[in-house]
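Asks: Starting off with a structure, shown below.
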Amino acid sequence: MSEAKSRFSELVRRALQEGPQFVTRRGKDCAVIVSRADFDRLEAGIGETAESRETATEYTEYKDFKDWLFNAPVDLSKLDLSRK
């Protein structure tokens, strides 16, 4: 995590160019840095865009990202988080 702090701009660049970047603390994954486009796809649901979600008739408010992760009707197993 300290390396991520000191090289944050590189971490963001890699997330934009290469995909999600994992941050570890004491050798264990603790966070993932993703591009805004990847985040929007996650938030909207796999295969949807944020715009298509906004036009949907049903819209659920989530308290925060953690609440969304645990409760959103999204199959995260289909998300490709591999590094390229």
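Asks: So which pairs qualify, if the first residue must be in region 37-66 and at pLDDT 55 or above, the second must be open to solvent by 100 Å² or more (accessible area, probe 1.4 Å) and assigned to a helix (DSSP H, G or I), the Cβ gap must be under 7 Å, and the two must be at least 6 apart or on different chains?
Replies: Listed pairs, sorted by first residue: I46/K78.
Asks: To continue, here is another question. Is one or more of the residues making up region 22-30 more than 18 Å from R83 (Cα to Cα), outside any loop (DSSP other than H, G, I, E, B) and modelled with pLDDT of 75 or more?
Replies: Checking region 22-30: at least one residue is more than 18 Å from R83 (Cα to Cα), outside any loop (DSSP other than H, G, I, E, B) and modelled with pLDDT of 75 or more.
The values are calculated or read from the model by the stated rules, or taken from the named source; none is laboratory data. Here the structure is a predicted model, which means the values were calculated and not measured. All Cβ positions, even for glycine, are placed from backbone atoms using ideal geometry, and neighbour counts span all protein chains on display. Side chains are part of the model used for accessible areas, which takes the heavy atoms of the whole protein and leaves out ligands, DNA and RNA. Shrake-Rupley method; radii C 1.70, N 1.55, O 1.52, S 1.80 Å.
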